[in-house]
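Working notes for the structure below.
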Amino acid sequence: MPLDLLANVTIGGVLTGLVYGLMALGLSVIFGVVRVVNFAHGEMMTVAMYAAVLAFAWFRLDPLWAILPIGVLLFVFGYILQSRLINPFITRPEHSQFILLVAVATILTNGMLMIFGPDARNAQVGYAYDSFQIGPILLDKVRVYAATAAILVASALFAFFRYAPTGKAIRACADNQLGALVVGLDVKRLYALTFGIGAACVGAAGCLMVLLIDVTPTLGPVYTLLGFTIVIVGGLGSMAGALLGGILIGLSEALAGLLLVPSAKSMFGFALLILVLLFRPQGLMGKRT
Amino acid sequence: MIQALFDWPTPRALAVWAALAVCLLLAPLVVGSYALSVLVLVLYFAYVGQAWNVMMGFAGQLSLGHSLYIGVGAYVSAVLFVRYGVSPWAGAVAAMAICAVIGAVIGFLAFRFSISGVYFALLTIAFAEFSRIGFDHISFVGASAGLFLPVAQRTHNDLLHLRGSPVMFYYVMLALSALALFLCRALRGSKTGYYWLAIREDQEAAQALGIDIFGYKMRAVVLSAAMTSLGGVFFAFYYNNLFPEQIFAINRSIELILGPIIGGLGTLVGPLLGAFVLTVLAESLRSATDALGLNLPGLQLLFYGVCLMVVIIFLPNGIWPALKGRLGFDDDRRSGD
């Protein structure tokens with residue numbers, strides 16, 4: 001195996017993994033705070049991908065810039081979803097929440113199928129086939145841009161939770177819901193904000209994914225599962241863990257595609273998930289409770 | 001457990017059960033082939049829903065990866081039949097044994113490391129997905145190109161080899177669902193059933209009372225896995241083709257658990273009622289959209305999703321618990337719900 005090929009594939013995997021990580025970050029934030037498993041996460045990303053494709057087709061808006069409007073759009077969607085639909089479910093058992101979100105996922109998937117039809121769509125940006133060359137290493141421009149944008153969005157989120165008063169309040173809710181109520185925080189509104197932020201995160205990831213893959217209405221479940229895998233591997237509630245998990249999964253997929261059959265690539269993700277659940281259930285970067 | 005079998009329900013409930021049994025037994029004489037195929041689906045979902053309910057409804061362990069047992073059950077019996085000419089009934093025994101072992105392994109790993117709740121559910125998904133991709137690459141079972149059973153000849157019913165008309169499959173599935181119902185009824189009145197309920201309601205309290213929670217959770221997983229595998233055997237011989245992408249898919253796991261949750265988790269009637277309501281709903285949505293000339297792909301599933309959401313919002317415990325009070329049944333009194 002030529003070494004430069006291996007290096008190319010490795011770096012490509014890491015760059016894709018960062019976008020996966022951003023998607024999983026949304027899931028991690030939602031579960032970490034609201035304690036609801038968002039089984040419609042991949043479907044929400046698919047919605048964002050269609051929005052990005054349309055924005056590109058109608059306004060020639062580069063998917064990298066579409067992050068802002070689509071992020072806002074998904075934020076509103078997530079906020080309404082949480083405040084109208086999910087808030088009454090937070091005290092209900094897990095299987096009840098699961099059915100609710102499966103219903104949301106079914107509605108989203110089939111709504112998209114009705115509107116856009118089953119065919120794959122994409123946004124052909126001008127730089128789709130360009131690449132940067134550093135010595136023997138060739139980097140796809142789209143991957144570099146997407147990964148950079150993913151890091152930027154993740155950093156903004158990190159800063160928000162670290163320094164903004166609302167971010168701190170959300171963290172307080174996650175740490176101790178009763179305590180948050182006692183000091184007078186409006187927990188339900190903060191939950192809705194959190195779901196909105198998680199949705200905005202997956203919206204941004206959807207815009208970036210448009211640069212990497214074609215979108216079909218039925219993409220959702222695969223990416224929901226991918227999101228879970230990443231979040232569990234990285235450690236639930238750990239923001240750095242979600243990015244690390246994303247990189248690991250992106251890398252393992254890329255290497256499995258190169259060294260073995262490409263169709264078996266996601267087997268490694270699930271094998272990794274099983275091992276992590278069994279031997280380090282709090283995830284690689286998670287804290288033991 | 002034996003005692004529970006003779007613990008008769010109230011006369012009113014008994015009359016309804018008897019009427020239902022007669023209707024189901026006579027149905028193939030009355031209904032057309034389309035309605036029969038819908039009824040076969042109802043019974044299939046009622047059976048696998050009952051099997052899943054043992055684990056989640058009784059013992060409180062949420063599995064979202066039951067397609068694993070459907071798939072393994074289907075593949076084991078089909079491969080034995082196609083490659084070695086083994087009767088599906090012998091194949092079913094093998095399938096149950098293998099799925100029981102798989103269930104035991106997953107249960108052992110999960111419960112030893114005290115994985116529960118959402119994490120346990122994700123672990124079951126991971127095993128199912130892992131198997132889906134794995135079976136896609138095993139050429140012995142046809143890999144992603146699929147495994148096909150010789151197509152059934154419809155004129156002659158061969159019960160021994162499960163080759164025959166839809167009516168035969170209907171009665172096989174009816175017998176299986178009835179057996180599952182009796183088994184679950186007996187289980188719920190047994191010591192094991194009460195221990196499961198205790199674990200479901202409060203695992204730590206159950207442990208404090210001296211219940212071997214590991215052992216009893218293992219029993220639930222193993223039994224549920226073995227029961228579900230029979231659903232897989234039926235699936236293989238009824239549909240005659242197997243693709244890993246379809247049979248191990250997460251959708252298969254989800255469709256199987258909707259019935260018991262919508263019908264009423266942990267109740268005996270729930271899986272049956274849920275299977276009936278959801279299957280008939282899906283089929284009538286299909287007929288309605290066809291009749292209106294709306295063959296828009298996705299419309300019918302969109303409505304299905306909306307209905308699912310409405311039911312779970314307004315009937316959080318499912319249809320049966322809301323219904324039985326009004327009908328004056330107290331058949332489920334022993335569950336304490």
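Derivation of every value follows stated rules applied to the coordinates shown; laboratory data play no part. Note that this is a predicted model, so its numbers are computed, not measured. So basically every Cβ, Gly included, is an ideal-geometry build from the backbone, and we count neighbours across all protein chains shown.
Projecting each Cα onto the charge dipole of the protein assembly as shown (Lys/Arg +1, Asp/Glu -1 at the beta carbon, about the Cα centre), which of B:S63, B:N317, B:A95 comes out farthest on the positive side?
It is B:N317, whose Cα lies furthest towards the positive end.
Using only the alpha carbons of chain B, determine the length spanned along each of the three principal axes and report them from longest to shortest in whole angstroms.
The Cα atoms of chain B stretch 55, 44, 41 Å along their principal axes.
Among A:L193, A:V210, A:A174, flag the residue with its Cα farthest along the positive direction of the charge dipole of the range A:169-289, charges on Cβ as +1 for Lys/Arg and -1 for Asp/Glu.
It is A:A174, whose Cα lies furthest towards the positive end.
Please give the average number of partner chain Cβ atoms lying within 10 Å of the Cβ of each residue in B:306-319, rounded to a whole number.
Partner Cβ neighbours, averaged per residue: 4.
Using alpha carbons only, how many angstrom separate the centre of the range A:116-164 from the centre of the range A:167-221?
Using only Cα atoms to place each centre, the spacing works out to 21 Å.
In whole Å, how far is the Cα centre of the range A:230-289 from that of the range B:217-260?
When both Cα centres are located, 27 Å separates them.
Once the Cβ-Cβ distance between B:A21 and A:L278 is put in as r, and R0 is 41 Å, what FRET efficiency do you end up with, to the nearest 0.05?
E between B:A21 and A:L278, to the nearest 0.05, is 0.35.
Taking the Cα atoms of the range A:168-245 alone, what are Rg (to one decimal) and Dmax (as a whole number) in Å?
Computed over the Cα atoms of the range A:168-245, radius of gyration and Dmax are 15.5, 48 Å.
Please list the non-local residues whose amide H lies under 5 Å from the amide H of B:G266, H modeled 1.01 Å from N, same-chain partners needing a gap of 5 or more.
Hits under the 5 Å cutoff: B:G57.
So what's chain A giving for Rg/Rh, alpha carbon basis, Kirkwood Rh from the mean inverse pair distance?
Here the Rg-to-Rh quotient is 0.97.
Amide H to amide H, which residues 5 or more places from B:L64 or on other chains are under 5 Å from it, using H placed in the peptide plane?
The list, which skips near neighbours in sequence, is B:T124, B:I125.
Local charge sum around B:L62 (other residues, Cβ-Cβ under 14 Å, Lys/Arg +1, Asp/Glu -1)?
Taking every Cβ under 14 Å from that of B:L62, the sum is +2.
How many partner chain Cβ atoms sit within 10 Å of a residue's Cβ in peptide A:278-285, on average, as a whole number?
The per-residue average across the peptide is 2.
Using r as the Cβ-Cβ distance of B:A322 and A:Y129, and R0 as 60 Å, what FRET efficiency do you calculate, to the nearest 0.05?
In this case the efficiency is close to 0.55.
Could you tell me the relative contact order of the range A:1-113? Use alpha-carbon pairs under 8 Å, at least six residues apart, and round to a whole percent.
So the answer I get is 31 percent.
Cα-based count: Lys pairs in chain A below 27 Å, eight or more positions apart or different chains?
Here the count comes out as 4.
Restricted to Cα positions, what overall size does the range A:215-275 have along the principal axes? Three whole-Å values, descending.
Between the extreme Cα coordinates on each principal axis of the range A:215-275 lie 33, 29, 18 Å.
Per-residue Cβ counts within 10 Å, from other chains only, averaged over B:292-298: what number is that?
Taking all residues of B:292-298 together, the mean is 4.
Convert 4 °C to kelvin, take the viscosity as 1.567 mPa s, use the Kirkwood radius over C-alpha pairs of the range A:98-223 as Rh, and evaluate the Stokes-Einstein diffusion coefficient in µm²/s, rounded to a whole number.
Calculated translational D: 73 µm²/s.
Relative to the Cα centre, what is the charge dipole magnitude of the range A:150-275, using +1 at the beta carbon of each Lys and Arg, -1 at the beta carbon of each Asp and Glu, and rounding to the nearest 20 debye?
Using Cβ point charges on Lys, Arg, Asp and Glu, the range A:150-275 gives about 300 debye.
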